[in-house]
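Working notes, beginning with the structure itself.
The values are calculated or read from the model by the stated rules, or taken from the named source; none is laboratory data. Note that the coordinates shown come from a computational prediction; the quantities given were computed from them, not determined experimentally. Here the Cβ positions follow ideal geometry from the backbone for every residue, glycine too, while neighbour counts run over all protein chains shown.
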Amino acid sequence: MRFRAKIVDLACLNHFSRIINTIAKLAKTCILRLTVCKLYFILSDKVANGGASMWCELSQGNFFDEFQMEGVAAEHNEIYLELVPENLSRALKTAQNAKAVKIKLTNKHCPCLSVAVELPSLSSSSRIVTHDIPVGVIPRRMWNDFREPSVPDFDVSIYLPALKTMKSVVDRMKNLSNFIVIEANLSGEMNLKIETDLVSITTHFKDLGNPPWASEDDCQSNTQARDLESMAEACIDIKKLQQLLAGQQVNPTKALCNIVRKRIVHFILLHEEVSLQYFIPAIA
Amino acid sequence: MKCVIGAAQLRVFGRAIHAIARISDEFWFDPVEKGLALRSVNSSRSAYACVFFSSMFFQHYCWTAVSQPCHKEQQLSLPCKLIIKSVLPVFRCVNVLERNVERCSISTNPSEHHITFQLLCRHGLVKTYNLTFQECDPLQAVFAKHMCPNILKVHSRLLADVMIHFPTSQEEITLSVTPVKVCFKSYTEEDTDFSRTMLTEIQLSPEEFDYFQVGVDSEVTFCLKELRGLLAFSEAASVPVSIHFDRCGKPIAFSIEDLLLEASFILATLCEAEKEAASPEPACCPQPWHSSRTGMDNPDQTSMDGASNADTATSKKPQQKGNAPSMNSAKEEVKNIPRGPERDVPGRAGAAMAEAAAGEATEAPYEKFHSLFFGAVSYKKEAIGDTFQSLVTASDTEEEFGALQSSQVL
């Protein structure tokens, strides 16, 4: 099992750092899956995560100048590692003006991702900062736990409002309640609601637009028959929503959510070559 | 004693207080004829800081020897001890101080029982802090910087840039030098769970240093937290930092010096008898602290004499003034009444420590942090507990420092 990669371009490095920062806000520990073409950051929906799960996918070619990997075996040419994304985020934080960043899978005291940052210095030879991030290697028999989640059979799919606005609303609501209700309909309307003993607050968004899904399902094609005004709602943990919004440092190209009434809310954020899916289960 | 610090220098003074605050909860306030010395030592005696502001640093500095009958023992001029927590609020928000405060005056008055810090702020606002103090015995560390085989001198900016890569929670780091490379890395104890700890290592080339002399390959581990204060202070003062050290187990000194001030932070370094992997030398055995000079006069000293020793890898930029050691030799004397201190490093307090405490140090090997310096020579010329020999000659003066008594704090 080997892995070596190198980023030389500063813009790519900053973009990659931003993605890692977002992941770090969403998960304390997650799985990094490496294939020949892509990197995946996966959080599976275990109880420990509060049932939330995440799937983030990026094409390595958009970030790395060099990328070589050899999986566990020829017919399973992938590597699954468990790591703390906060460590990776910290390692990249001080690489703002690096000449190059090399990431390598090594085995020093234990399996590690070694991030070597080459920084410019006053002398002829560069300064090299190496961070050894401990990782756990996930054995092949457990790979099935980390398969891509399928898009749920949603009741409503709607584009999200400007994330900055949504974030400031949710931030204030978080002070008042632990749960938030998201509801939306197929007419481009979405409400964020909280309700406590003393107060209930609703923020209304209009004209958001509903993304067209190519429906092969019978269920999906029934949406035309459904009442466009009826709201599908789900009550979720407000902290999870807040973490998702807080991690977004750049406005995504596309941001939408799929709501399965009283079951789950599925967020999809697309930014150029990166897709991030986040599932927050509804509280019963 | 009375002195006035101008607005421009307040930031530096405030940072010095903050730096010293990282060492301990209390510090020694020691005005002498030539200037004001602030000193501190931590409870386990593994870190010592001394900042000396010459009288030129102040807008106005006036020190008079006042003789006072002292109802205690017949002691000479004594410094006093202040609690850091009382002084820190005076210099809180150092960066803001400059803008709001026109000057700060510090005065002691023999007839009063406190030290007064007075900030004259804008708009006619005057903040007065009267702080009580404790009389105490003088404190000074004994450390022969000029006998260190390894000397590095570098701008504080570079050190700050290096330390930023370590998390703020990082307690100790290891500095490893050979004639061709310098490396700072995070230190982990033997029982660390590596599967959970992120390790960081920074490699620098000797060319980045203004002065680089490595007489002996060494790897020293010291406490980063205590050092961070000095780094902030030296950035405020814009003075390069000199690092003097030896093999592991011997103290490492970080010092800055310019016309107006001098500061030294001396930290103990870890020495583990087993620790030898990287170094080609045999396992670093702790140097027994002899009561004679010979303990320090090891072969390393020869490498210190001038820069001519072929073994020494030295590089310095042409515009640097002469040999680093010489700038210190005028001031330092080796006082060799070492004394094993109580070592209070968690989980590592060895029996060896306790044995070696008090009196002449024996051959008992120290396994853990060495405490360095505390040569114990009192004014009565006896090796007693907490009294120490002066390094700074001014402190040897015979004048009495007014016996100040404590009073109410406003």
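Computed quantities for the displayed model
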quantity	calculated
Pairs where the first residue, in the stretch B:246-264, is within 16 Å of B:F13 (Cβ to Cβ) and the second is surrounded by fewer than 22 Cβ atoms within 10 Å (Cβ to Cβ) and of a type in the set (D, E, K, R), C-beta under 9 Å, 6+ apart	B:I256/B:E262; B:E262/B:K331; B:A263/B:E257
Yes/no for A:A95 being small (G, A, S), modelled with pLDDT under 90, assigned to a loop (DSSP other than H, G, I, E, B) and within 23 Å of A:G247 (Cα to Cα)	yes
Matching residues, the stretch B:188-209, being more than 8 Å from chain A (Cβ to nearest Cβ) and surrounded by fewer than 20 Cβ atoms within 10 Å (Cβ to Cβ)	B:T188, B:E189, B:E190, B:D191, B:T192, B:D193
Members of the stretch B:162-192 that are under 20 Å from A:S124 (Cα atoms) and under 21 Å from the mean Cα position of the chain (by Cα)	B:V162, B:F184
Strands (runs of 3 or more DSSP E) contained entirely in the stretch A:1-72, each with at least 1 residues that are within 11 Å of the chain's Cα centre (by Cα) and surrounded by 19 or more Cβ atoms within 10 Å (Cβ to Cβ)	A:30-34, A:38-43, A:53-59
Search result, residues across the stretch B:190-239 that are among the acidic types (D, E) and under 21 Å from B:A47 (Cα atoms)	B:E219, B:E226, B:E235
One residue from A:L119, A:L105 being surrounded by 19 or more Cβ atoms within 10 Å (Cβ to Cβ), touching a residue at least 12 places away in the same chain (Cβ under 8 Å), under 26 Å from A:S44 (Cβ atoms) and not charged (D, E, K, R)	A:L105
Odd one out for A:E82 among (1) away from chain B (no Cβ under 14 Å); (2) surrounded by fewer than 19 Cβ atoms within 10 Å (Cβ to Cβ)	(1)
Residue identified as assigned to a strand (DSSP E or B), touching a His at 6+ places or on another chain (Cβ under 8 Å) and more than 14 Å from chain A (Cβ to nearest Cβ) among B:I243, B:I151	B:I151
Tally of residues being hydrophobic (A, V, I, L, M, F, W, C), closer than 19 Å to A:V115 by Cβ, in contact with an Asp or Glu (Cβ under 9 Å, 6 or more places away or on another chain) and facing chain A (nearest Cβ under 9 Å) across the stretch B:154-187	0
Condition check for B:S156: under 30 Å from A:N87 (Cα atoms), touching a residue at least 60 places away in the same chain (Cβ under 8 Å), crowded, with 21+ Cβ neighbours inside 10 Å and touching a strand residue (DSSP E or B) at 6+ places or on another chain (Cβ under 9 Å)	yes
Residues of the stretch A:127-150 satisfying the condition of being more than 8 Å from chain B (Cβ to nearest Cβ) and touching a strand residue (DSSP E or B) at 6+ places or on another chain (Cβ under 7 Å)	A:V135, A:V137, A:I138, A:R140, A:W143, A:F146, A:E148, A:P149
Some residue of the stretch A:132-146 being within 22 Å of the chain's Cα centre (by Cα) and among the acidic types (D, E)	yes
